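Notes to accompany the following structure.
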Amino acid sequence: MRTASNAATASIFGVLTMLNVGAVQAAEITVLTNQGVVSAVRDLAPAFERASGHKVVVSFELGQGLMNKVNADAPADVVTHYPDMIEDLIKKGKVRAGTGAVVARAGIGVAVKAGAPKPDLGSADAFKRAMLAAKSVAYSRSGASGLSAAKLMERLGIADAIKSKTVLVDGVPVAAIVAKGEAEIGLQQINVILPVAGVDYAGPLPPELQDYVVFGAGVLTVSKAPEAALALVKFISAPQAAPLIRKSGMEPAGH
């Protein structure tokens, strides 16, 4: 993995040099990010620091905390969110026009308690049977992966059948609820499942059922170091960042 990281760093350093966005005075850049994409940002930040000389502070915000900080013009330089939200923030004057970029996408996977039998996820029918057989199924109440899971249950025609055993989760990773034994199966972004102790990653949704949550980034208008912040956005959205994005359990947005 170190080889892939070093290769990505060297490759993107070349991109930054070519774009002339890396050769600015060293700065400290604060990134406002949330649960959905923090894993990728934390993997990309050290590589960017090595390639650019800038320091990156990753500010992990829970729930509405991220947008509260953005709307209050809290000191920060870069924000990550869904691409349509980045566009909306540009229109509202919170993000600098021309700095928005799509960074990565995350597929939805299945978590079970460590050591528990893993459900059959080999087909849509197998997944449907697994959901019906489970004692409880958890997903986020309002996060993008949870909304997708709810739509999936409707699509499969089992929403009513599993309603009484559905656990809606707020404020913590769904996988953490599974680890505590408060749900037998959890559905969430793969990159959010992987770091949670006490669970096993059973696998992704079957291809015919898979949905992706896409994330972007942009430079905040309150940034005191807009050139360095733009360098970071270019870095994390460059094709050469793909190995580091995959390391986090996400996928490059263009794939």
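Overview of results
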{"item": "Carbon plus sulfur fraction of accessible area for the chain, probe 1.4 Å, in percent", "result": "54"}
{"item": "Positive-pole candidate from ALA72, ALA179, THR99, dipole of the chain, charges at beta carbon", "result": "ALA179"}
{"item": "Net lengthening on full extension, VAL58/ARG42 (0.36 nm per residue, minus Cα-Cα)", "result": "5.1 nm"}
{"item": "Cα-based reach from LYS118 at 28 Å (exclusive), listing lysines while leaving out same-chain residues under 8 positions away", "result": "LYS128, LYS135, LYS151, LYS163, LYS165, LYS180, LYS247"}
{"item": "Solvent-accessible area per residue, Å², over the chain with all protein chains present [probe radius 1.4 Å]", "result": "46"}
{"item": "Interchain or long-range residues, amide H under 5 Å from THR221's placed H", "result": "VAL95, ARG96"}
{"item": "Exposure of ARG42 as accessible area (Å², to 10), given a probe of 1.4 Å and all protein chains", "result": "130"}
{"item": "Amide proton proximity set for SER140, modelled H, under 5 Å, gap of 5+", "result": "GLY146, VAL169"}
{"item": "Percentage, to the nearest whole number, of Cα pairs in the stretch 200-245 over 16 Å apart", "result": "60"}
{"item": "Sequence of GLU251, GLU61 from largest to smallest accessible area, 1.4 Å probe", "result": "GLU251, GLU61"}
{"item": "Additional length obtainable on full extension of the chain from GLU182 to GLU227, 0.36 nm per residue less Cα span", "result": "11.6 nm"}
{"item": "In sequence order, calculated HN-Hα J values of the stretch 188-195 (Karplus, 6.51, -1.76, 1.60; Hz; x Gly/Pro)", "result": "6, 4, 4, 5, 8, 5, 4, x"}
{"item": "5 angstrom amide H check on HIS81, placed H, neighbours 5+ away", "result": "GLY216, ALA217"}
{"item": "Segment ASP84-ARG155, length gained on full extension (0.36 nm per residue, minus Cα span)", "result": "23.1 nm"}
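The values are calculated or read from the model by the stated rules, or taken from the named source; none is laboratory data. Quantities reported herein were computed from a predicted structural model and do not represent experimental measurements. Backbone-built Cβ (ideal geometry, glycine too); neighbour counts: all protein chains shown. Areas reflect the complete protein model, heavy atoms only, side chains present, ligands, DNA and RNA absent. Shrake-Rupley method; radii C 1.70, N 1.55, O 1.52, S 1.80 Å.
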